[in-house]
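K.L.:
Sharing a structure here in structure tokens format.
The values are calculated or read from the model by the stated rules, or taken from the named source; none is laboratory data. The structure presented is a predicted model; accordingly, all values stated were derived computationally and were not measured. Cβ placement follows ideal geometry from the backbone for every residue including glycine, while neighbour counts extend to all protein chains displayed. In case anyone asks, the SASA skips ligands and DNA or RNA and just uses the protein heavy atoms, side chains included. Shrake-Rupley method; radii C 1.70, N 1.55, O 1.52, S 1.80 Å.
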Amino acid sequence: PPARIALGTARGTRHMTARLGFCLALAAAAGAPVRVAGGVLDRLAAPVDGDLLGPFLEGLPVPGGPRGGRRWRFEPCNLTFADGLDWWEFGGSFRRDVGESHGHDYACTVGDRSVTIRSAVPEPYGFATLRQTIAADDYRDRAVVFGAEVRTDDVAGQAGLHLMTGPPLGPREGPATSPSRTTATVSGSRDWTRHEVRAQVPGDAGILAFGFFLSGRGRVELRGAELTCGG
């Protein structure tokens with residue numbers, strides 16, 4: 001059924017109609033009030049347990065948010081990869097720099113509490129990365145450490161961990177802190193070894209991204225990922 005949205009503009013309030021589900025999602029994301037006729041509530045209202053807004057917010061595009069329209073989280077999740085690649089994003093220069101011609105040069109697969117990036121062709125283009133991005137609110141003005149066990153096999157270029165802080169999301173007054181990236185790299189073939197990267201999160205940081213990467217031929221695996229505050 002249709003619903004009506006009231007939009008505040010410079011020229012006053014304007015109204016538009018849209019599908020009910022979209023209107024509820026927009027209201028939930030904006031924290032706007034929703035008015036429902038008393039008779040409708042009497043007939044259709046039902047008690048709800050748990051996350052009331054989640055079903056409406058899930059999948060709603062957020063300016064500057066993750067691809068696919070998922071909401072920014074404030075803490076890491078799925079660090080054991082028990083839910084596959086949920087909340088992780090696989091990409092890199094091999095996809096974005098040259099269109100479709102090298103879009104399958106790297107592959108990413110999930111194992112038993114681990115994840116692997118490997119080259120799928122003898123001479124892959126660019127680099128591949130798997131990362132998770134969260135809101136930086138709880139980490140501002142603090143040192144953050146991303147650590148994990150890494151195993152490499154015949155890495156011709158470089159592989160390793162990366163930790164990045166980014167500027168605030170959305171409009172703000174004054175200049176924003178430039179993005180910064182910290183990496184810990186390894187090459188060749190090495191058994192499981194613990195590695196860490198550390199970064200100081202600026203007081204105005206908007207996002208915190210962490211993960212691992214592979215550049216060139218080879219294979220890199222990651223397990224036991226942790227994101228902690230280092231003081």
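K.L.:
Subtracting the Cα-Cα distance from 0.36 nm times the residue separation, let me have the gained length for Thr185 to Asp153 in nm, one decimal.
P.N.:
Residue separation times 0.36 nm, minus the Cα-Cα distance, leaves 10.2 nm.
K.L.:
How many nm separate the modelled label positions at Arg194 and Val121, each set 7 Å beyond the Cα in the direction of the Cβ?
P.N.:
Those two pseudo-labels are separated by 3.9 nm.
K.L.:
Another question, then. What ³J(HN,Hα) values, in whole Hz, does the Karplus curve 6.51 cos²θ - 1.76 cosθ + 1.60 give for the stretch 206-212 when θ = phi - 60°, with x put for Gly and Pro?
P.N.:
Calculated HN-Hα couplings, in order: x, 9, 9, 10, 8, x, 9 Hz.
K.L.:
Moving to a separate point now. Once amide H atoms are built 1.01 Å from N in the peptide plane, which residues 5 or more positions from Arg142, or in another chain, come under 5 Å H to H?
P.N.:
Amide H neighbours of Arg142: Val201.
K.L.:
Quick one: accessible surface of Glu149, probe radius 1.4 Å, all protein chains present, in square angstrom to the nearest 10.
P.N.:
60 Å²
K.L.:
Moving to a separate point now. Please give the solvent-accessible surface of Phe127 in Å², to the nearest 10, using a probe radius of 1.4 Å with every protein chain present.
P.N.:
It works out to around 70 Å².
K.L.:
Using r as the Cβ-Cβ distance of Cys77 and Val34, and R0 as 25 Å, what FRET efficiency do you calculate, to the nearest 0.05?
P.N.:
About 0.30, to the nearest 0.05.
K.L.:
In what order, largest first, do Arg96, Arg190, Arg151 sit by accessible area if the probe radius is 1.4 Å?
P.N.:
Reading off the accessible areas and sorting them downward yields Arg96, Arg190, Arg151.
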